[in-house]
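Where a number appears in this text, it was derived from the coordinates with a stated rule and is not lab data. Computed from a prediction, not measured in an experiment: that's the story for all the values here. Reconstructed Cβ throughout: ideal geometry from the backbone, glycine too, with neighbour counts over all protein chains shown.
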Amino acid sequence: MKSIKNLTRMTYDTASFLGWRLARSSKGTAFVKYFSDRKYGGEKKSFAAAQAALTALKATLEGAKLVNGKHTATTIRKFEKLLEQA
């Protein structure tokens, strides 16, 4: 599978991690979550979970309130909770 914007395939020869990394930055706040092949049951399933989380994150970002050009603390907690549930 090929990496797409905000999703990167992570494979390390020296570490035991295989999976996908979701990384999205918005208005000065970075959101990162790793989706392990081992936890989700394979490369395709971890990719599907990462893609679903990215879609939900993008939808939430569209309607987010800004204060002085930044996300509010409440909005940031909402994003973090969304990523925890993924």
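Structure notes:
- Each residue in Leu18, Leu7 was given a count of other beta-carbon atoms within 10 angstrom of its own, and listing them fewest first yields Leu18, Leu7.
- Here the chain is scanned for chymotrypsin sites (Phe, Trp or Tyr not before Pro) in DSSP loops (not H, G, I, E, B) that have at most 15 other Cβ atoms within 10 Å, and the longest stretch holding none of them is 18-86.
- Label-reachable residues, the stretch 31-56, where backbone N falls under 17 Å from a point 7 Å from Ser16's Cα toward its Cβ: 35-42
- Tilt relative to the chain, helix 73-85 - C-alpha long axis, 0 to 90 degrees, to 10: 20 degrees
- In this simple spin-label approximation, Arg77 and Ala56 carry label points 7 Å from Cα along the Cα→Cβ vector, and these lie 1.8 nm apart.
- Theoretical ellipticity at 222 nm over the chain - DSSP helices of four or more residues, -39500 (n - 2.57) apiece, nearest 500: -13500 deg cm²/dmol
- Working note: Karplus 6.51/-1.76/1.60 with θ = phi - 60° gives the stretch 22-31 the couplings 9, 9, 9, 10, 8, 6, x, 10, 9, 10 Hz, where Gly and Pro are set to x.
- Springs between Cα atoms under 10 Å define the GNM used for the chain, and in it the highest mean-square fluctuation of Ala49, Ala73, Ala15 occurs at Ala15.
- Between the residues Leu82, Ala59, Gly19, the greatest Cα displacement towards the positive end of the dipole of the chain, with unit charges on the Cβ of Lys, Arg, Asp and Glu, is found for Ala59.
- Springs join every pair of Cα atoms under 10 Å in this Gaussian network model of the chain, and among Thr75, Thr14, Thr60 the largest mean-square fluctuation is at Thr14.
- Only Lys, Arg, Asp and Glu carry charge here, each on its Cβ (+1 for the first two, -1 for the last two); on that basis the stretch 1-73 has a dipole of about 160 debye about its Cα centre.
- Taking Cβ atoms as reference points and 10 Å as the exclusive limit, the residues near Phe31 contribute a net charge of +1, counting Lys and Arg as +1 and Asp and Glu as -1.
- Extension gain, Lys27 back to Asn6 (0.36 nm per residue minus Cα-Cα distance, nm): 6.0 nm
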